[in-house]
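Nothing in this text is a laboratory measurement; each read-out follows from the coordinates by a stated rule. Note that the coordinates shown come from a computational prediction; the quantities given were computed from them, not determined experimentally. Methodologically, a virtual Cβ is constructed for each residue, glycine included, from the backbone with ideal geometry; neighbour enumeration extends over all protein chains shown.
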Amino acid sequence: MKTAFIFSGQGSQYVGMGKELAEHFPVAREIFAEANDALGFDLQGLCFNGPEEELRLTANTQPCILTVSIAALRVMRQEIGWEPDYLAGHSLGEFSALVAAEALNFQDAVRMVRLRGEFMQKAVPVGEGGMAAVLGLERSQIEELCEKAAEGEVLTPANFNSPGQIVISGNMKAIERGITVAQEMGAKRAILLQVSAPFHSPLMKSAGQKLGEELAKIEINEVKVPVVTNVEAEPNSSKERVLDLLVRQVSSPVKWEDSVRRMIGLGVERFVELGPGTVLLGLLRRIDGTREMFHLEDLASLEQMKGA
């Protein structure tokens, strides 16, 4: 059975994530220790104990989710033994996928996502950019909405998550206009998201450039398992393309629905979400609810997988 491992993105974090895995499995404890060493602060303590407002800071959230995701991956490989035919991750999760593919060394990846978070946060002053989720409109309507509400500012589709769930990103005033236009166009809901910056919009270009400069300093290895990328929604096995795709991803839309459909088209019958939460499985159910779905983030979810 063809299997894809998929990795959580920002927004899935919660205080206490990864704690059970670390308490019960040395392979998970080792990952948290490696992250602490790589970053020079107590990332493990932040994941397990919070405080939540610190965990929510983008520069903290990104390395914390990556670490929990790779801890879950290590436990899954040790306890279940499944291996993927394809890998993918939502935004930040693409770094987790690249670690799973052995294209990135874990310690390098955790340092890179810490910097990625800092660069993304600094690209636009707090309060000047934002994101909103729009439910119940088609892609063509979202594009029309963005054109209508931009009024010379930046407003663009940022996440194509699932049918009828698309996130827009840009200047805050344009986002506010976009919410109004969405309601006029008959959207079921249009909700301002609690994020600190307009991710995956052209306003993030400077963050992508800075990330590229840092990525150029680390070694990118052979991609052992194809990674279906956010930018193209196509599998990539070329190490030469990894840096460019990660740079472009920062300011480009996340083509998540397309990525999932591509994996299904390639014969994937089983999806395993690794890391905190089950947001991606929720999106998968909306895209195609016929696939086998599992997740691993704690002992209860591990037992479910063992019983499968």
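List the trypsin sites (Lys or Arg not before Pro) within the range 212-308 that fall in a DSSP loop (any state other than H, G, I, E or B) and whose Cβ has at most 11 other Cβ atoms within 10 Å.
Details: sites: K217, K224, K239, R241, R248, K255, R261, R262, R270, R285, R286, R291, K306; in loops: K217, K224, K255, R291.
Those satisfying the criteria are K217.
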Completion exercise
With R₀ set to 35 angstrom, the calculated FRET efficiency between the beta-carbons of I80 and E54, to the nearest 0.05, is 0.60
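What FRET efficiency, computed as 1/(1 + (r/R0)^6) with R0 = 25 Å and r the Cβ-Cβ distance, is obtained for E128 and A216, rounded to the nearest 0.05?
0.30
Output the peptides 141-150, 58-67 sorted from most to least packed, where packing is the average of other Cβ atoms within 10 Å over each peptide's residues.
On the way: 141-150: 17.9, 58-67: 25.3.
Ranking, from highest mean packing down: 58-67, 141-150.
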Problem - Backbone HN-Hα couplings from phi across the range 72-87 [Karplus 6.51/-1.76/1.60, Hz, Gly and Pro as x] - result: 5, 4, 5, 5, 4, 5, 6, 8, 10, x, 5, 10, x, 8, 9, 10
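Dipole magnitude of the range 129-195 about its Cα centre, charges +1 at Lys/Arg Cβ and -1 at Asp/Glu Cβ only, in debye to the nearest 20?
Details: 6 positive and 8 negative charges, 47 e Å.
Taking the Cα centre of the range 129-195 as origin, the dipole is about 220 debye.
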Problem - Part-to-part distance (alpha-carbon centres) for the range 265-308 and the range 9-51, which is given in Å - result: 22 Å
Fill in the blank from the handout: The distance between the Cα centres of the range 241-258 and the range 194-214, in whole Å, is 11 Å
Fill in the blank from the handout: Check: C-alpha center the range 117-137 vs C-alpha center the range 60-88, spacing in Å is 27 Å
Problem - Degrees, to the nearest 10: 256-265 long Cα axis against longest axis of the chain - result: 60 degrees
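Any idea what the dipole of the chain comes to, in debye rounded to 20, about its Cα centre with Lys/Arg Cβ at +1 and Asp/Glu Cβ at -1?
Values: 31 positive and 42 negative charges, 79 e Å.
That gives the chain a dipole magnitude of about 380 debye.
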Fill in the blank from the handout: Listed by chain and number, the aspartates and glutamates with an alpha carbon less than 20 angstrom from that of K210, same-chain partners under 8 positions apart left out, are E94, D108, E118, E219, E240, D244
Handout entry: Residue (of S8, P253, T278) at the positive-pole extreme of the chain, dipole from beta-carbon charges
Key = P253
Practice task
Give, rounded to the nearest 20 debye, the magnitude of the charge dipole that the range 177-308 has about its Cα centre when Lys and Arg contribute +1 at Cβ and Asp and Glu contribute -1 at Cβ.
Solution key: 400 debye
Handout entry: Förster radius 25 Å - calculated FRET efficiency between D37 and E240, Cβ distance, rounded to 0.05
Key = 0.25
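Just list whichever of K122/K255; K224/K306; K255/K306; K148/K173; K2/K224; K217/K239 have alpha carbons separated by over 20 Å in the model shown.
Details: K122/K255 24 Å; K224/K306 26 Å; K255/K306 31 Å; K148/K173 13 Å; K2/K224 16 Å; K217/K239 14 Å.
Check vs 20 Å cut-off fails for K122/K255; K224/K306; K255/K306.
With a sphere of radius 14 Å drawn around the Cβ of E153, what net charge do the other residues whose Cβ falls strictly inside it have (Lys, Arg +1; Asp, Glu -1)? Write out the running numbers ahead of the final one.
Values: positive: K148, K173, R177; negative: E128, E147, E151, E176.
My count for the surroundings of E153 gives -1.
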